[in-house]
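K.L.:
Can you keep this structure in mind? I'll have questions shortly.
Laboratory data are not the source of any read-out in this text; all were calculated from the coordinates shown. Everything numeric in this text was worked out from a predicted model, so none of it was measured. Methodologically, a virtual Cβ is constructed for each residue, glycine included, from the backbone with ideal geometry; neighbour enumeration extends over all protein chains shown.
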Amino acid sequence: MLLLRAELPYPLTASLDPRYRRTDDALGWDELCTDLRAVRMPGDHVSMIDPPHVTTLAARLAAALHLVRAERGGPDHAPQIWRHPR
């Protein structure tokens, strides 16, 4: 299981509820999933899916998928990575 975790807390939720101020990489998900890999993404919960951070998210997700394919004996080629037009 892969958790793409924002480096920064989302300002509104963090100010409204202290449970969102967690600093552990897994944010508590490791209690429910023992096979968890947490990867920090630049930005907050919302900005990590917007430019320029979405390019990093896409690259890290593609790398994780490539690793899974390699471990399972799948195609030996890197997936295409979408790049946001600037």
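K.L.:
Search the structure for amide H atoms under 5 Å from the amide H of Met41, placed 1.01 Å from N in the peptide plane, and list their residues when 5 or more places away or on another chain.
P.N.:
Under 5 Å from the amide H of Met41 lie the amide H atoms of Arg5, Ala6, Glu7, each far enough along the sequence or on another chain.
K.L.:
Given Cβ point charges of +1 (Lys, Arg) and -1 (Asp, Glu) and nothing else, what value in debye, to the nearest 20, does the dipole of the range 2-71 about its Cα centre take?
P.N.:
Result for the range 2-71 is approximately 120 debye, rounded to the nearest 20.
K.L.:
State the extension gain, in nm to one decimal, for the chain segment bounded by Glu7 and Asp24, taking 0.36 nm per residue of separation less the distance between their alpha-carbons.
P.N.:
Working it through step by step, the gained length comes to 5.1 nm.
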